[in-house]
Ligand code: HAM
């Protein structure tokens with residue numbers, strides 16, 4: 001029996017990969033425009049990095065990590081996200097030493113043992129950015145604007161930007177207590193997960209999808225009414241900046257995020273087109289994380305998008321790739337000439353397809369149709385004797401004789 005792949009670990013097949021290239025090159029183009037540089041970090045990190053940053057009481061650390069003990073008895077984890085590793089590297093290599101502001105982006109596979117469904121996989125890919133060293137709300141607004149710019153670059157205008165503030169170590173503990181007091185009387189109506197999280201992570205009840213939790217928290221105290229003056233001011237200024245440059249957004253005071261390192265601004269780019277997996281990108285500010293990981297006291301903000309989810313939003317028809325030219329030939333002498341021309345044209349940057357078996361002209365033309373090439377070059381024995389071939393422009397339906405000189409064919413194809 002043939003061996004199949006592992007559930008939740010997907011192959012990205014050739015007919016899909018064009019979309020991936022498109023997304024990756026748009027990300028590089030847009031992020032570099034805003035001064036971000038790429039950083040590449042390993043897939044495997046010490047488990048402690050994730051428990052210390054993402055938080056022990058989160059779903060990711062509690063039940064979703066691919067962790068194991070390696071042959072040297074070290075506890076290691078395949079990264080479930082990029083921020084922790086990027087900050088570990090930032091601290092380890094003192095990237096803050098040169099300039100107080102660092103702008104980094106990364107792309108690559110992440111691993112979470114989640115229940116696979118459309119838009120949710122066990123190996124998935126993120127493209128993320130991190131802006132470190134600025135606590136001014138201008139940084140928040142710039143990162144959000146860049147995220148919107150990236151999606152607009154892909155022609156995707158549907159996802160909505162939702163923002164919230166989760167407060168800081170000064171105001172969040174009292175809000176958590178207030179929420180706990182509120183939930184205590186409603187504990188019986190919460191789902192088992194939220195009951196379990198009541199002590200360590202009560203905020204999760206606010207964005208739980210279970211009907212009981214939704215009903216029980218309808219009039220829960222809002223985090224936004226319980227921010228300290230510093231956090232309230234930061235949130236207000238972030239919105240002012242967004243208004244200044246016309247970046248559309250909505251406030252979602254129930255957005256919680258599944259990672260513990262967030263402070264102040266958090267956000268998600270949500271879509272109604274992917275069923276239950278509504279977030280195509282998400283992120284926020286993490287002003288205590290770098291210090292918590294043993295680095296200097298520097299603030300940061302960033303986001304990551306799920307590339308598979310972005311791929312699902314793009315239209316497959318826009319990404320069909322077809323060769324510039326298909327060469328059809330009749331007879332052995334023409335086959336050799338077809339081969340010579342094909343190699344010469346490819347070296348000149350023209351993409352060429354051919355029917356290697358050289359079946360009947362009719363079947364070669366069927367193959368040309370399938371490739372949907374812009375031009376077809378037909379090489380018959382008569383033409384060969386005259387030193388010419390017929391070049392057909394498939395869009396215009398026009399056919400002309402061309403000499404068997406690669407440079408001539410190149411210029412005709414390129415000038416079309
Ligand atoms: P996150 O919300 O856990 O945040 O993930 C970011 C995005 O990754 C999600 O919005 C979603 O599009 C995608 N994603 C997450 N899990 C899966 C999955 N199982 N399958 C497919 N896509 C998925 C973070 O990871 C933070 N590190 C973001 C960040 C960067 N915050 C600050 N800087």
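Data overview
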read-out	value
The range 76-89 residues that are farther than 14 Å from residue 66 by Cβ and modelled with pLDDT of 95 or more, paired with ones that are away from the ligand (no atom under 13 Å from the Cβ) and part of a helix (DSSP H, G or I) (beta carbon under 6 Å, 6 or more apart)	none
Residue among 181, 99 that alone is in a helix (DSSP H, G or I), free of Cβ contacts under 8 Å to residues at least 40 places away in the same chain and exposed (fewer than 15 other Cβ atoms within 10 Å of the Cβ)	181
Residue 217 away from the ligand (no atom under 16 Å from the Cβ) and in the same structural domain as residue 116 (by TED's automatic domain parsing)	no
Hits in the range 86-130 (condition: within 11 Å of the ligand (Cβ to nearest atom), within 17 Å of the chain's Cα centre (by Cα) and under 18 Å from residue 36 (Cα atoms))	86, 104, 105, 106, 126, 127, 128, 129, 130
Members of the range 66-96 found to be closer than 13 Å to residue 259 by Cα and in a loop (DSSP other than H, G, I, E, B), listed by number	80, 81, 82
Number of positions in the range 293-334 that are more than 35 Å from the chain's Cα centre (by Cα), surrounded by fewer than 16 Cβ atoms within 10 Å (Cβ to Cβ) and in a helix (DSSP H, G or I)	2
Condition broken by residue 278, with the remaining ones in (1) near the ligand (Cβ under 10 Å from one of its atoms); (2) over 23 Å from residue 235 (Cα atoms); (3) buried (at least 24 other Cβ atoms within 10 Å of the Cβ) satisfied	(3)
Residue ID - farthest from residue 148 (Cα to Cα), chosen from residues in the range 107-135 that are assigned to a loop (DSSP other than H, G, I, E, B) and touching a helix residue (DSSP H, G or I) at 6+ places or on another chain (Cβ under 7 Å)	113
Test for residue 406: is it surrounded by fewer than 21 Cβ atoms within 10 Å (Cβ to Cβ) and touching a residue at least 60 places away in the same chain (Cβ under 8 Å)	yes
Neighbours by Cβ (under 6 Å, 6+ apart or cross-chain): first from the range 140-153, under 14 Å from residue 239 (Cβ atoms); second part of a helix (DSSP H, G or I)	140/238; 141/238; 141/241; 141/242
Residues that are away from the ligand (no atom under 16 Å from the Cβ), in contact with a helix residue (DSSP H, G or I) (Cβ under 8 Å, 6 or more places away or on another chain) and either more than 30 Å from residue 263 (Cβ to Cβ) or free of Cβ contacts under 8 Å to residues at least 40 places away in the same chain (or both), drawn from the range 294-319	297, 316, 319
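The values are calculated or read from the model by the stated rules, or taken from the named source; none is laboratory data. All of these numbers come straight from a predicted model, not from anything done at the bench. Methodologically, a virtual Cβ is constructed for each residue, glycine included, from the backbone with ideal geometry; neighbour enumeration extends over all protein chains shown.
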